[in-house]
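This report concerns only the one structure given below.
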Amino acid sequence: MSKKQTSILITNDDGIYAEGIYHLKKALQGLGKITVVAPLVEKSAVGHAITLSDPLRVMEIDRYGEFFGYAVNGTPADCVKIGGRCILEDKPDIVVSGINQGSNTGMNIIYSGTVSAAAEGIIMNIPSVAISLTSYTKKEFAYSRKIARRVTSEVLNHGLPDGTLINVNVPAVKEKEIEGVVVTRQGKGRFEEAFDRREDPNKRTYYWLTGKRMLLDNDEDVDDVVIHKNMVSITPIHYDLTNYRFLEELKTGKLGP
């Protein structure tokens, strides 16, 4: 009996026509049978949202004159659900989400559709990886492709603890400028948010969310600190949000510090 081919489910939050997901598929060729299931349009910062009030429609998508994958009119988490339960005959061996444009570090992880797609994978008991290029504009995908293949291979060979995904952030620089690869923890970095108040042609007020990224950590093993030094950040992420340090105190009926 022939050995079952490794099944790899690829998704993202930038949409099926994004450049990053094309590079990811190319990077993982040869590691197994690749199936792309991604949002039809960009779904950045939707977190772990899933679609309940509307039907999910699946479309076959060609890119560069050949079949590329399946587009879903839903969220990244929807794509993993429908990919793993409906499009594929069997549960995939791994979910890889990316290559995202823009870092997913610090508090961004909570909002990230890229990381949430991987989190949906681990909820389904599928080892999962999220990978991001730390720029919205620079297209330095060459080294992130190498890292994506390397991490995916390691996870396929060695697995991951239950409920844990690997979150990878690659500086958007050329390979010769990369200073190393570091295992990190999630930092506290976040956006200092502001709303730009504007007015449309009909004199109706609307607001556009904007802001700047705040680096709030100094420790050498924090994701944001590492990528600012042109090093790749690899962070194990768990979906258990329990504050265990406060758990026993809360049982005594005391709230607060």
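Every read-out reported here was derived from the displayed coordinates using simple, explicitly stated rules and does not represent laboratory data. Predicted model, so just to flag it, every value in this text is computed and none were measured. Positions of Cβ are generated from backbone atoms using ideal geometry, with glycine treated the same way; all protein chains shown enter the neighbour counts.
Fully extended, how many nm does the chain gain between Glu89 and Asn125 (0.36 nm per residue separation, minus their Cα-Cα distance)?
So the extension gain works out to 11.4 nm.
Test of the criteria: in region 1-39, which trypsin sites (Lys or Arg not before Pro) are in a DSSP loop and have at most 11 other Cβ atoms within 10 angstrom of their Cβ?
Sparse-neighbourhood loop trypsin sites (Lys or Arg not before Pro): Lys3, Lys4.
How big is the chain by Rg and Dmax over its Cα atoms, in Å?
19.2, 70
List the relative contact order of the chain as a percent without decimals, with contacts defined as Cα pairs under 8 Å and 6+ residues apart. Write out the running numbers ahead of the final one.
Working: 556 pairs, mean separation 42.5, N = 257.
Here the relative contact order equals 17 percent.
With a Förster radius of 51 Å, plug the Cβ-Cβ distance of Lys26 and Asp196 into 1/(1 + (r/R0)^6) and report the FRET value to the nearest 0.05. Display every interim value, and only then the final one.
Numbers: r = 38 Å, r/R0 = 0.74.
Working from the Cβ atoms, E equals 0.85.
Which FRET efficiency value, to the nearest 0.05, do you get for Asn73 and Glu220 by plugging their Cβ-Cβ distance into 1/(1 + (r/R0)^6) with R0 = 45 Å?
Once rounded, the FRET efficiency stands at 0.55.
Report the full-extension gain for the segment Tyr17 to Ala49: residue separation times 0.36 nm, less the Cα-Cα distance, to one decimal in nm.
Result: 9.5 nm gained on full extension.
Measuring from label point to label point, each 7 Å out along Cα→Cβ, what is the Arg204 to Lys3 span in nm?
A separation of 6.0 nm, rounded to one decimal place.
I need the Kirkwood Rh of region 118-198: take the reciprocal of the average 1/r across all distinct C-alpha pairs and report it in angstrom. If you can, show how the numbers build up before the last one.
Details: mean 1/r = 0.0676 Å⁻¹.
One decimal place: 14.8 Å for the Kirkwood radius.
If you average 1/r across every pair of different Cα atoms in region 1-60 and take the reciprocal, what Kirkwood value do you get, in Å?
13.3
Would you mind calculating the gained length between Asp240 and His158 on full extension (0.36 nm times residue separation, minus the Cα-Cα distance), in nm to one decimal?
Values: separation 82, 0.36 × 82 = 29.52 nm, distance 2.20 nm.
Taking Asp240 through His158 to full extension adds about 27.3 nm, to one decimal.
Give, rounded to the nearest 20 debye, the magnitude of the charge dipole that the chain has about its Cα centre when Lys and Arg contribute +1 at Cβ and Asp and Glu contribute -1 at Cβ. Can you show the working numbers first?
Working: 32 positive and 33 negative charges, 59 e Å.
With Lys and Arg at +1 and Asp and Glu at -1, about 280 debye.
Mean residue ellipticity at 222 nm from the helices of the chain, using -39,500 (n - 2.57) per DSSP H segment of n ≥ 4 over the full residue count, to the nearest 500 deg cm²/dmol? Intermediate values should be presented prior to the final figure.
Values: 7 runs with 63 residues, N = 257.
About -7000 deg cm²/dmol.
Across all directions of projection, what mean area in square nanometres is found for the Cα convex hull of region 21-99?
Numbers: hull surface 22.2 nm².
Dividing the Cα hull surface by four gives the mean projection, 5.5 nm².
Per-residue HN-Hα couplings for region 166-172, Karplus 6.51 cos²θ - 1.76 cosθ + 1.60 at θ = phi - 60°, whole Hz, x for Gly and Pro?
9, 10, 10, 10, 10, x, 8
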